[in-house]
Amino acid sequence: MMRNGVLVPQNGCFDPYDGRRHPLGSQWNTDHCMRCDCSGDRMECCTRYGGIAHMEGCKGSVNPETCEYEFYRIDNPSEPCV
């Protein structure tokens with residue numbers, strides 16, 4: 001970060017997802033299913049869920065509690081796909 005034309009070392013990263021500052025070198029999970037990392041010059045985040053995002057005859061969505069995909073039948077949304 002520049003201040004008055006002088007490079008000032010960062011003392012952490014501000015996370016817009018949780019509204020907090022995290023120390024350099026730290027990693028954390030957000031309530032929005034993101035995994036974040038505060039490195040020397042930036043903060044990087046990516047989704048914590050992954051894997052199959054499509055199953056034939058099923059609709060998938062991310063469970064905000066587990067951050068994993070869950071699939072339910074299109075013709076019967078109360079029945080999970082196996």
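Computed from the coordinates by the stated procedures, all read-outs in this text should not be read as laboratory data. Since we're looking at a predicted model, the values are computed, not measured. Quick reminder, even Gly has a Cβ in these numbers, built from the backbone with ideal geometry, and neighbours come from all protein chains shown.
Descriptive notes on the structure:
- Residues whose placed amide H lies under 5 Å from that of CYS58, excluding near-sequence neighbours: ILE74
- Length added when fully stretched, CYS46-ASN63, from 0.36 nm per residue minus Cα-Cα: 4.5 nm
- Computed over the range 8-82: relative contact order in percent, which uses C-alpha pairs under 8 Å that are six or more apart: 18 percent
- Cys residues of the chain counted as unpaired, since no other Cys beta-carbon is under 4.7 Å: CYS46
- Hydrodynamic radius of the range 7-47 by the Kirkwood approach over all distinct alpha-carbon pairs: 10.3 Å.
- The calculated FRET efficiency for the pair ALA53 and LEU24, based on their C-beta separation and a Förster distance of 30 Å, comes to about 0.35.
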